[in-house]
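Right, one structure below, let's go through it.
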Amino acid sequence: MLQLEALEKRFGSTVAVDQLSLELPEGEFLSLLGPSGCGKTTTLRMIAGFETPTSGRILVGGKDITRLPPQKRGMGMVFQNYALFPHLNVYENVAYGLKARGAPAAEIPKKVADSLARVDLAGYDNRSVQALSGGQQQRVALARALAPEPPLLLLDEPLSNLDAALRERTRDELRILLKKVGITSIFVTHDQEEAFALSDRIAVMRAGKLQQLDTPEALYRTPVNPFVASFVGRANFLSAQVVSRDGNEGLVEVGESARWRVRLHAGASDRVSVMARPEALTLRSAGAGAASEGLRGRVLDRRFAGSTTVYRVETLGKEIIVSIPGHGGSYEGEVLITAQQDPPLHAFADQS
Amino acid sequence: MSAAGTSAPSRLSRSRAVGRGGVLGGIVTLLLIWLVAYPNIFVLGDSVLEGGSFTLEFYQRFAESRSEREALWNSIWISAASVFFSGVIGIPLAFLFSRYEFPGRAILGGLVSLPVLLPPLVGVIAFLFLYGESGFLARIVQGLLGMERPPWRLTGPWAILLVHSYTMYVYFFLFVSAGLARLDRGYAEASAALGASRVSTFRRVTLPMLGPAIAGAALLVFMTSMGSFSAPYIFGGGFRVLTTQIYVSKLNGDLAIAAVETVILAAVSIAFLAGLQYYEEKQTFTGAGKGMLGGSERIRKGRRTTLTLSAAAWALTIFLLLPHAMVLLVSFVPEGTWTIELFPPEYSVRNYVSLFSESEMLTPIVNSLQMATIATFANVVLAFAAAYLIVRGKFKGRRLLGALIVLPWALPGTVLAMALATTFNQNQPLAGRFLLIGSFAILPLAYFIRNIPLVTRAAMTSFRQFDPSLEEASASLGAGWPTTMRRVALPLVLPGLAAGALLAFVTALGEFVASILLYTHRTRPISVAILSELRAFDFGGAAAYGVFLIALMAVVFLLGYGKVSNGPGV
């Protein structure tokens with residue numbers, strides 16, 4: 001459906017988007033996720049046609065649209081501030097795209113009504129858009145973007161202007177609506193939770209470069225680098241020594257006596273940085289003394305979080321997070337940290 | 001913002017992103033260079049060329065002539081004195097209206113801002129009717145003392161100063177009022193909390209923060225006085241200033257000297273505009289912090305003080321507006337009936353009837369209405385395009401375009417008229433020169449150029465107020481550039497643009513400074529007609545024209561468009 005080929009955008013000497021290539025199949029919901037300044041919005045704006053790539057190509061259905069102005073691309077877009085026309089009412093806002101694309105005048109009222117009904121705003125036709133609540137404005141913006149039935153929908157942080165409580169509900173409604181419509185969508189966000197809740201796949205970006213493009217689960221379980229690991233979900237990093245290697249797998253020694261199985265990533269020499277998700281680790285009391293195999297640590301505090309219990313543990317001069325299902329025991333003082341391999345542990349090249 | 005990369009694809013992408021903006025930007029910039037900047041070259045040329053070769057002889061003649069040096073010096077000291085007296089009236093007035101609450105404050109605040117909107121010539125005749133030798137005040141004094149001749153004549157530098165400070169205090173009033181409104185009450189409170197007395201709070205916090213506002217007003221008044229023509233022309237007598245000197249030199253056919261005078265006047269004005277812009281930038285800096293309390297609480301005093309304040313404000317307002325009321329009074333006096341009496345013995349609407357029934361008197365009104373309409377229409381079209389380009393455009397010439405837009409503000413009407421007169425006095429289409437002098441087109445052109453800053457800045461303010469993503473939304477919904485402009489940008493910019501256009505229209509309707517140098521009998525505008533009525537001692541007729549202009553101004557003001565800032569226009 002959509003292909004980006006070595007897309008690049010420079011503003012002066014800064015590279016906003018660096019050699020970005022990706023492919024988006026029909027009907028998929030893709031998120032561009034990354035911290036601010038990572039190039040995700042610039043990428044979206046290039047797809048929409050508001051920015052022209054410095055180099056590279058954008059293809060839709062195999063057709064090169066890189067040089068096409070926005071109005072000829074036929075894409076729907078929902079803006080961060082919604083960009084509703086303040087001088088037009090709800091009906092006129094939604095009808096705008098239909099008129100501009102030359103829909104037969106007789107069909108417009110019905111299409112507008114359908115679009116408004118779809119976002120639960122039937123009967124709001126004559127309201128001033130400025131009199132609507134933030135959530136309603138967001139839905140008008142969505143109805144307006146979807147009314148001309150675009151093949152591709154672009155969403156630029158459409159939830160960021162809503163307050164926290166409304167955001168979650170709107171997010172779920174958005175997911176249900178877009179699945180029902182079955183439209184191919186690209187969603188820009190810096191919020192990992194939002195991206196996880198909505199996306200089929202997520203493209204994690206940093207400093208203009210695509211880091212990893214994968215399903216939410218794959219990003220979480222098998223991040224390709226420490227940045228993705230720490231940006232998507234929580235991650236503990238501990239330095240370790242490689243003891244043995246077996247293809248992509250290997251055994252590392254953490255601290256004095258703990259030996260953990262890890263996936264070795266490219267560039268990992270003998271000294272590595274091991275990434276473990278909080279739930280990939282567990283605790284045992286050190287007091288029993290018997291089995292000393294494990295990483296020694298000291299519990300700083302414990303916090304009950306419903307389905308899990310979260311421990312802050314100090315080890316090797318660092319502070320890590322260990323998450324144990326259920327009430328998760330009641331460890332105190334000296335403990336042994338052991339790895340349970342699920343989700344898997346990863347060893348990256350040592351950054352220090 | 002602008003891509004610094006010079007590789008081919010980068011340049012390609014830039015021009016594409018701009019789309020038609022680049023082409024339009026080129027057209028608008030060229031148009032402005034042609035009309036705003038280019039004509040000045042011919043004035044400059046006339047001042048240094050004799051028979052096609054370079055000479056500084058005319059400048060030397062200017063420097064050696066006593067009367068020329070005197071005119072330059074007079075212009076400068078009159079302007080400086082105007083700044084002083086305008087400030088003396090305007091600054092306390094601003095404090096009175098901003099800091100104290102009393103009955104009628106809002107209405108009076110609007111009324112005292114009115115003089116700046118009035119056509120300068122109307123202001124001048126208003127003074128003539130009130131303070132002139134046969135004016136109302138002179139009659140009272142003459143009657144009371146039983147004098148045979150008028151007690152004074154309104155002429156010379158003091159008359160000019162009186163008119164200037166009477167009309168230009170408004171700049172101080174508006175600037176300082178705005179400064180006080182922006183001034184964060186928090187600062188004053190912080191200062192008081194730190195133990196400062198009211199006097200030292202005022203001296204050490206309020207005044208320094210108002211500095212930029214006062215300096216800005218002072219520069220504006222200075223510039224306006226430098227370019228002022230009406231007052232010195234009517235009241236100057238033998239007192240020369242640069243603007244009247246240019247007029248006289250041109251009438252005498254001494255075009256080279258007129259050109260030198262024009263260049264010097266333009267140079268001084270541009271220098272002051274540069275200063276003004278510097279202070280404007282500084283001013284926007286004041287109180288620009290976030291989350292500040294806007295404005296200051298007005299002080300309510302006890303009942304007696306409030307009544308005194310209110311009475312003082314009313315008296316002051318009446319005093320300031322009295323000259324304009326005189327215009328109204330005189331307009332109802334039939335020609336030749338008011339001779340030695342204190343009050344007119346007879347009132348009638350005869351002056352108004354003849355204004356609209358005698359073709360000789362109606363022609364100027366029709367002329368002015370036509371010419372102002374044409375000029376304003378052109379202003380609106382240009383302002384929309386130029387404002388869009390300056391606010392939204394990405395092309396390289398944006399700064400140049402912005403400078404060209406404000407240039408007409410820097411150039412007094414006399415300078416503009418001279419530039420047009422020297423450029424459009426011959427037909428050389430390839431050099432961009434056409435024979436427009438003596439044609440109907442020259443005055444609308446002059447009005448158009450003079451009002452470019454006013455209308456364009458009004459449109460720019462509107463463009464800045466709406467989010468560019470609205471245009472992107474329109475494009476993403478499939479609307480082409482023309483549709484986006486028509487259905488999104490135009491409706492959103494329209495209120496500001498209309499406000500600017502209305503003000504431009506009434507300004508053009510009463511324009512005098514450029515008109516007097518460029519009109520022909522067939523195209524004579526209202527202002528020139530007022531002048532000839534004065535010359536014929538038909539004060540009633542002149543006043544009726546004046547009331548017509550004032551009434552139109554009042555309509556504009558009442559429509560709520562009084563807030564659009566006016567440029568120097570005297």
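Can you tell me which residue in region A:85-95 is farthest from A:LEU44 (Cα to Cα), limited to those that are facing another protein chain (nearest Cβ under 8 Å) and not aromatic (Phe, Trp, Tyr)?
Out of the qualifying residues, it is A:HIS87.
So which helices (runs of 4 or more DSSP H) are wholly in region B:438-509 and hold at least 2 residues that are within 14 Å of chain A (Cβ to nearest Cβ) and within 30 Å of B:LEU411 (Cβ to Cβ)? Talk me through it step by step, then tell me what you get.
Numbers: elements: B:442-465, B:469-476, B:481-484, B:490-509.
It comes to B:442-465, B:490-509.
Scan region B:278-300 and give yes if some residue there is charged (D, E, K, R), surrounded by fewer than 16 Cβ atoms within 10 Å (Cβ to Cβ) and modelled with pLDDT of 75 or more, otherwise no.
No, there is no match, as no residue in region B:278-300 is charged (D, E, K, R), surrounded by fewer than 16 Cβ atoms within 10 Å (Cβ to Cβ) and modelled with pLDDT of 75 or more.
Which ones in region B:19-56 are of a type in the set (Gly, Ala, Ser) and within 14 Å of another protein chain (Cβ to nearest Cβ)?
Those that are of a type in the set (Gly, Ala, Ser) and within 14 Å of another protein chain (Cβ to nearest Cβ): B:GLY19, B:GLY21, B:GLY22.
Considering region B:381-404 alone, what residues qualify as being touching a residue at least 24 places away in the same chain (Cβ under 8 Å) and within 11 Å of B:PRO453 (Cα to Cα)? First the steps, then the outcome.
Just the residues of region B:381-404 that are touching a residue at least 24 places away in the same chain (Cβ under 8 Å), to begin with: B:382-398, B:400-401, B:404.
Result: B:LEU382, B:ALA383, B:ALA386, B:ALA387, B:LEU404.
Among the residues of region B:540-561, what is the count of those that are of a type outside the set (Ser, Thr, Tyr), over 17 Å from the mean Cα position of the chain (by Cα) and either at pLDDT 85 or above or at positive phi (or both)? So that I can check it myself, show each step before the final result.
Going through region B:540-561, the residues of a type outside the set (Ser, Thr, Tyr) turn out to be B:540-544, B:546-560.
Then keep just the ones that are over 17 Å from the mean Cα position of the chain (by Cα); that gives B:540-544, B:546-548, B:551, B:555, B:558-560.
With either at pLDDT 85 or above or at positive phi (or both) added as a condition, the list becomes B:540-544, B:546-548, B:551, B:560.
Number of matching residues: 10.
In the set B:ALA325, B:ALA312, B:ALA372, which member is in contact with a helix residue (DSSP H, G or I) (Cβ under 6 Å, 6 or more places away or on another chain) and either surrounded by fewer than 17 Cβ atoms within 10 Å (Cβ to Cβ) or not in a loop (DSSP other than H, G, I, E, B) (or both)?
Just a single option satisfies the conditions, and that option is B:ALA372.
Of these, A:TYR311, A:TYR331, which one is surrounded by 16 or more Cβ atoms within 10 Å (Cβ to Cβ) and in a loop (DSSP other than H, G, I, E, B)?
The conditions single out A:TYR331.
So in region A:17-58, with the set limited to residues that are within 11 Å of another protein chain (Cβ to nearest Cβ) and assigned to a strand (DSSP E or B), which one is surrounded by the fewest Cβ atoms within 10 Å (Cβ to Cβ)?
So, considering only residues that are within 11 Å of another protein chain (Cβ to nearest Cβ) and assigned to a strand (DSSP E or B), the one surrounded by the fewest Cβ atoms within 10 Å (Cβ to Cβ) is A:SER55.
Considering every residue within region A:60-74, establish whether at least one is more than 8 Å from chain B (Cβ to nearest Cβ), more than 30 Å from B:ARG487 (Cβ to Cβ), among the small types (Gly, Ala, Ser) and surrounded by fewer than 23 Cβ atoms within 10 Å (Cβ to Cβ).
The answer is yes, given that some residue of region A:60-74 is more than 8 Å from chain B (Cβ to nearest Cβ), more than 30 Å from B:ARG487 (Cβ to Cβ), among the small types (Gly, Ala, Ser) and surrounded by fewer than 23 Cβ atoms within 10 Å (Cβ to Cβ).
Restricting to region B:510-541, and then to whatever is outside any helix (DSSP H, G or I) and among the small types (Gly, Ala, Ser), can you tell me which residue is nearest to the other protein chains (Cβ to nearest Cβ)?
Filtering region B:510-541 for residues that are outside any helix (DSSP H, G or I) and among the small types (Gly, Ala, Ser), the one nearest to the other protein chains (Cβ to nearest Cβ) comes out as B:GLY510.
Taking helices (runs of 4 or more DSSP H) that fall entirely within region A:168-270, which contain at least 2 residues that are over 30 Å from A:GLY135 (Cβ atoms)? Even if it seems obvious, please write down each step before you answer.
Numbers: elements: A:192-198, A:216-221, A:226-231.
Per the criteria, A:216-221, A:226-231.
Going by the conditions given, is A:ALA122 on the phi < 0 side of the Ramachandran plot, part of a helix (DSSP H, G or I) and not charged (D, E, K, R)? Even if it seems obvious, please write down each step before you answer.
Working: on the phi < 0 side of the Ramachandran plot: yes; part of a helix (DSSP H, G or I): no; not charged (D, E, K, R): yes.
Spelling it out, it is not the case that A:ALA122 is on the phi < 0 side of the Ramachandran plot, part of a helix (DSSP H, G or I) and not charged (D, E, K, R).
Could you list, in sequence order, all residues of region A:101-112 that are touching a residue at least 24 places away in the same chain (Cβ under 8 Å), over 32 Å from the mean Cα position of the chain (by Cα) and more than 9 Å from chain B (Cβ to nearest Cβ)?
Answer for region A:101-112, where residues must be touching a residue at least 24 places away in the same chain (Cβ under 8 Å), over 32 Å from the mean Cα position of the chain (by Cα) and more than 9 Å from chain B (Cβ to nearest Cβ): A:ALA103, A:LYS111.
What number of residues within region A:156-184 satisfy the criterion of being touching a Gly at 6+ places or on another chain (Cβ under 9 Å) and within 14 Å of another protein chain (Cβ to nearest Cβ)?
1
For A:SER115, only one of the following conditions fails: (1) assigned to a loop (DSSP other than H, G, I, E, B); (2) within 14 Å of chain B (Cβ to nearest Cβ); (3) within 17 Å of A:ALA141 (Cβ to Cβ); (4) small (Gly, Ala, Ser). What is its number?
(1)
Criterion first (aliphatic (A, V, I, L, M), farther than 30 Å from A:ALA197 by Cβ, more than 7 Å from chain B (Cβ to nearest Cβ) and crowded, with 17+ Cβ neighbours inside 10 Å) does A:LEU98 satisfy it?
yes
For residues that are in a loop (DSSP other than H, G, I, E, B) and within 14 Å of chain B (Cβ to nearest Cβ), scanning just region A:1-16, find the one that is farthest from A:THR52 (Cα to Cα).
A:SER13
What do you reckon, is A:ASN81 in a loop (DSSP other than H, G, I, E, B), in contact (Cβ under 8 Å) with a residue 12 or more places away in the chain, of a type outside the set (Ser, Thr, Tyr) and within 10 Å of chain B (Cβ to nearest Cβ)?
In short, yes.
The values are calculated or read from the model by the stated rules, or taken from the named source; none is laboratory data. Quantities reported herein were computed from a predicted structural model and do not represent experimental measurements. Positions of Cβ are backbone-derived with ideal geometry, glycine not excepted, and every protein chain shown enters the neighbour counts.
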